[in-house]
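Q: Have a look at the structure that comes next, please.
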Ligand SMILES: NC(=O)c1ccc[n+]([C@@H]2O[C@H](COP(=O)([O-])OP(=O)(O)OC[C@H]3O[C@@H](n4cnc5c(N)ncnc54)[C@H](O)[C@@H]3O)[C@@H](O)[C@H]2O)c1
């Protein structure tokens, strides 16, 4: 076996602190706690809201983008803006270029969002804060009678996943996870192909968040906004699982006829982040505080088994130098799809298992692209946000609320996709031992039906561009 130094690693990962498995025993306990369903939020249609009044909290990079997208949707009024930093609120105000918005400002305190949630001129609280605030704000906002939309992951602990489920059921308020990758065009095509039998029985799927942003996390943290770096140096596992699992879960009808049963998770050591900390601290003392912290292993691979004996692999790597990938692999008894490296491709099972040609692929798209793509693709690309998927997600959410339709990604999706994070942490800390994935639907998954991708109702919300 090659020693660490022979494979080019001057840093000894063993020397740095590790997260003790005993410190994570609460994750195991929470995963096996029993909870009863009090109301089934899957398929629930809340009363129509003709004009959806939105309060946005967290106006950093992602929140500013959300403001721009939300402000062009008809039947939507931005009534409140909240960020701990008042300059972020001012910036957001300037991004609203359409008429009809009268945003009240909340800032200055860590809990200014509470005051915002108490207002009675808000229907939806849209949350783009650091991860650890998603669930607390979500729970509080639902208790104040608001629907909530939470950036990813919706929660970082098993306990908070359950709190979101219980609060959504108790208040009958939607808790939507803002998993934009579920609205990327190839992913939507694969959902429709799955429903039309293209893959046969799905045997295995893969998803990921592989994005080389590791070194930049140190800079983003300067001077006081180091939340993402802190997550990466205090937790070890699949911290950002929902870009990978979201679209795959929808293809496989998870929580709607299918269920994730258990997972095992394995992480490499950290081969890079501690070296970055050392390198950067040569330039500036500020970075010395990050040396020898228990950085998460650079690559995490989590394998999930469903109750029907299928597997899903979710990978997470924000550090090694490789091209961006979310994998998005669907492998069935009859067909195969793979999105990365781009462009997305489909295999032709009848002709030597080769990829369909560009012309054949276009013909399949023509036939199987779901109506939401046909109707909204051009405008989504124009408004933008990761090529249009962000806008498609926002538009669809608002259209569902305005038309009183069930939401595509409900609280059970939010909880079961997000819980992979803390469960993977436990498994990693326990030599990749298996851990059950809680059934947040309490058995309702057997009768819950898949979400509508055919725009059978709704689709009435206009866009101002
Ligand atoms: N879906 C996607 O493609 C995507 C892309 C980027 C980020 N995100 C998610 O969006 C969220 C925000 O990420 P970001 O990159 O914008 O981070 P950021 O650090 O740029 O922004 C976070 C904002 O939250 C504010 N904030 C912090 N504490 C607060 C509090 N107590 N009350 C009010 N505001 C508070 C900060 O001042 C900051 O403006 C994260 O959950 C991230 O995972 C999602």
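Any read-out appearing in this document is the output of simple, stated calculations on the displayed coordinates, not a laboratory observation. Fair warning: this is a prediction, and the values are worked out from it, not measured in the lab. FYI the Cβ positions are ideal-geometry reconstructions off the backbone, even for glycines, and counts take in every protein chain you see.
Q: In percent, what relative contact order does the chain have, based on Cα pairs under 8 Å that are 6 or more apart in sequence?
A: Numbers: 997 pairs, mean separation 109.0, N = 465.
Relative contact order here is 23 percent.
Q: Additional query: Taking the mean number of other Cβ atoms within 10 Å as a proxy for protection, how do you rank 244-256, 53-65 from highest to lowest? Working shown, then result.
A: Values: 244-256: 26.5, 53-65: 21.8.
Put in order of decreasing packing, that is 244-256, 53-65.
Q: Which of 148, 383 comes first, and how do the rest follow, when ranked by fewest Cβ neighbours within 10 Å? Before the final figure, lay out each step's value.
A: Working: 148 32, 383 22.
Arranged by neighbour count, lowest to highest, 148, 383 become 383, 148.
Q: Kindly give the semi-axes, whole Å and largest first, of the ellipsoid equivalent to region 173-287, taking each as the square root of 5 times a Cα gyration tensor eigenvalue.
A: Numbers: eigenvalues 269, 48, 35 Å².
For region 173-287, the semi-axes come out at 37, 15, 13 Å.
Q: Please order 99, 267, 238, 216 by the number of other Cβ within 10 Å, starting at the fewest. The partial results should precede the final answer.
A: Details: 99 8, 267 23, 238 31, 216 13.
Lowest to highest Cβ neighbour count: 99, 216, 267, 238.
Q: In which sequence would 316, 386, 211 go, from the one with the fewest C-beta neighbours within 10 Å to the one with the most?
A: Ascending Cβ contact count within 10 Å gives the list 386, 211, 316.
Q: Tell me, what is the Rg over Rh of the chain, with Rh the Kirkwood radius over Cα pairs? Write out the running numbers ahead of the final one.
A: Numbers: Rg = 21.9 Å, Rh = 22.8 Å.
My calculation of the ratio gives 0.96.
Q: In addition: Scattering from the C-alpha atoms of region 95-145 alone, worked out with Debye: what is log10 I(q)/I(0) at q = 0.23, 0.32 1/Å?
A: Each listed q maps to, in turn, -0.97, -1.37.
Q: Moving on to the next point. So what are the three principal axis dimensions of region 340-459 from its Cα atoms, in whole Å, longest to shortest?
A: 48, 46, 31
Q: Do the sum for the chain: with -39,500 (n - 2.57) for every DSSP H run of n ≥ 4, divided by all residues, what is the mean residue ellipticity at 222 nm, to the nearest 500 deg cm²/dmol?
A: Numbers: 16 runs with 165 residues, N = 465.
Roughly -10500 deg cm²/dmol at 222 nm, from the helical runs in the chain.
Q: Looking at the chain, what % of its DSSP beta bridges pair antiparallel, to the nearest 5?
A: Details: 28 of 56 bridges.
So the antiparallel bridges amount to about 50 percent of the total.
Q: With the cut-off at 27 Å, report for region 52-178 the share of all Cα pairs above it, as a whole percent.
A: Values: 839 of 8001 pairs.
When every Cα pair of region 52-178 is considered, 10 percent fall beyond 27 Å.
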